[in-house]
Amino acid sequence: MSSIPSDQASNQQWGGRFSEGTDAFVQAFTASVSFDKRMYAEDIAGSIAHATMLNTQKILNDDDFAAIKAGLMQIKAQIEAGQFEWSIELEDVHMNIEARLTANIGIAGKRLHTGRSRNDQVATDIRLWLRATLDLIDGQLKRLQEGIIELAQREYTTIMPGFTHLQVAQPVTFGHHLMAWFEMLKRDRARFSDCRARLNFCPLGAAALAGTSYPIDRFLTASLLDFSGPTANSLDSVSDRDFAIEFAASASILSMHLSRFSEELVLWATPAFDFIDLPDRFCTGSSIMPQKKNPDVPELVRGKTGRVFGHLMALLTLMKSQPLAYNKDNQEDKEPIFDIADTILGCLRAFADMIPAISSKKENMYTRAKLGFATATDLADYLVRKGLAFRDAHEVVGKAVKLGVDTKRDLADMDLAELQSFSQLITEDVFEYLTLEGSVAARDHFGGTAPKQVQAALKIAREYLS
């Protein structure tokens, strides 16, 4: 392995202390510019805010400030035009931009770093980047919720089997089932919102770990970057990555929800269920079996859940043994965060596009809801209203179900005399409660599956999104 000649060691912006250059492999191994360059806009915004504060505090003169601000905006334009050459020798996004600034405007560029460190700089950049990403995620979550509402409105009277243990339990409406997804996503949005609120404090001014001797105004810097305020402790400011872990945890819960949605979509699209039809544009075929229509989008979303979970564990492990304050370990926080964000945004986009395009197979749903004695609980409730204790009613209905199993008939298909053989409390009106329509209509309370309540839930959901 070769090394940079020792006379080039001081070319690095931190190189004055060193008598020889960094080993070429070590240089590549420790560099982060290949992935942290995506924070260029945040780095430049943070630098302009820092320079503005320095100028306001008379630490940086007007001419230097003007040159720095103009130089940084020029670099941003060059990056966005693809005209900026990133250098691995300069390690990261921060030093690449600062080196180019100094090359362009001279000694004024070297004054930009007054009163700050790469430690508080990177902590600020990642918060700014993640804050913007959380806003993008919230937008996609809202779009997915709107798609769920659109589909639920079409299906609020559609009867389908509700399941426990993946066994037919009670009839529900498809719209009610979809609104359960909506509620999960509502909690996800709240978690991300909480995460955003907690990360929205500015580390700039903490410098390396102890603050700075310059008369800086950290509240001004925080305000310029739309933070709620400065972070309260300089040691914690540069070493805290709780916000990254909280983001990963919130993303993991969202991924778990999307995986559950995916599992249901995959099941419902199989011939065994045949409840829904997924649009062809969200499916693929087989290279050997011409009849296949594979639900690749939900399958892949389900598979990506493990990727997000893995990043959460990586971040927890990254931080678990770190002493205060900053350590090089923290360079490993960015790739998991970036990949989580890319993964989540991709999954949400796919689902937001796909969900409102789903069509239901109402007859199949209805037929399957009649299997498995889905109205057995309704018969038990009926007997309770007639005065029978619930446990006794449970036993009576169990016997009726056994007859249905033996004769391959649903409770609604039995005649009155057969039902009365189990309890004389049963009268002709029982059949109103044994139909699927009667069963779902009877759940007419807040949070219930009755079509009227689904409509009420949709109204509340629309108000929430407005």
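Tabulated values for the structure
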item: Which listed residue is open to solvent by less than 60 Å² (accessible area, probe 1.4 Å), modelled with pLDDT of 95 or more and within 30 Å of Val440 (Cα to Cα), from Leu128, Leu144; result: Leu144
item: Residue satisfying condition, being closer than 20 Å to Ala152 by Cβ and not charged (D, E, K, R), within set Pro290, Pro279, Pro271; result: Pro279
item: Residues of region 337-386 that turn out to be modelled with pLDDT of 95 or more and outside any helix (DSSP H, G or I), as a count; result: 4
item: Matching residues, region 346-395, being farther than 30 Å from Trp268 by Cβ, aromatic (Phe, Trp, Tyr) and either without any contact (Cβ under 8 Å) to a residue 24 or more places away in the chain or open to solvent by 50 Å² or more (accessible area, probe 1.4 Å) (or both); result: Phe390
item: Scan of region 250-280 for residues that are open to solvent by 40 Å² or more (accessible area, probe 1.4 Å) and within 24 Å of the chain's Cα centre (by Cα), ordered by number; result: Ile253, Met256, Arg260, Glu263, Glu264, Leu267
item: Residue that is farthest from Val301 (Cα to Cα) [pool: residues in region 326-342 that are open to solvent by 10 Å² or more (accessible area, probe 1.4 Å) and in contact with a Ser or Thr (Cβ under 6 Å, 6 or more places away or on another chain)]; result: Tyr326
item: Of all residues making up region 396-445, the number that are under 23 Å from His176 (Cβ atoms) and open to solvent by 30 Å² or more (accessible area, probe 1.4 Å); result: 10
item: Condition broken by Gly21, with the remaining ones in (1) of a type outside the set (D, E, K, R); (2) touching a Pro at 6+ places or on another chain (Cβ under 8 Å); (3) modelled with pLDDT of 85 or more satisfied; result: (3)
item: Complete set of residues in region 120-175 that are among the hydrophobic types (A, V, I, L, M, F, W, C) and part of a strand (DSSP E or B); result: Ile159, Met160, Phe163, Val168, Ala169, Val172
item: Tally, over region 387-397, of residues that are part of a helix (DSSP H, G or I) and of a type in the set (A, V, I, L, M); result: 3
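The values are calculated or read from the model by the stated rules, or taken from the named source; none is laboratory data. Model, not experiment: these values are computed from the prediction. With ideal geometry, Cβ positions are generated from the backbone for all residues, glycine too; neighbour counts draw on all protein chains shown. Ligands, DNA and RNA are stripped out before the accessible areas are found, and what is left, the full protein with its side chains, is counted by its heavy atoms. Shrake-Rupley method; radii C 1.70, N 1.55, O 1.52, S 1.80 Å.
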